[in-house]
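Input: a single structure, listed below in structure tokens.
Bear in mind that the values in this text are calculations on the coordinates, not laboratory data. What you are looking at is a predicted structure, and each value in this text was computed from that prediction instead of being measured. Cβ sites come from the backbone with ideal geometry, for glycine too, and all protein chains shown count toward neighbours.
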Amino acid sequence: MTSAKGLDWPALMRSGLMGLGLTPDQFWALTPAELQLMLGTTGAQAPLLSDGLEALMAAYPDKSERDI
């Protein structure tokens, strides 16, 4: 339920409030991971393997104190 512009909040709210029967307070208290689990959409993405981690680390290296 994400697009190039971000999360599709209307669809997520419909799923949570109408599909799962959550109250607004319950919906907004959830983390995205909890909502994803409740909607049964976890595991849709491939796990981050070592080569993927290495690519991320190369693209976004940690900054040392002298870089700040």
So what J values fall out for segment 49-58 if you push phi through Karplus, 6.51 cos²θ - 1.76 cosθ + 1.60 with θ = phi - 60°, rounded to Hz, Gly and Pro as x? 8, 4, 5, x, 5, 4, 5, 5, 5, 5
Assuming 0.36 nm per residue, please report the length gained on full extension of the stretch LEU7 to SER50 beyond their Cα-Cα distance. 12.8 nm
Non-local amide H neighbours of LEU22 (under 5 Å, H modeled in plane, Pro and chain starts lacking H): which ones? LEU17
How would you rank 20-31, 55-66, highest first, on the average number of other Cβ atoms within 10 Å across their residues? 20-31, 55-66
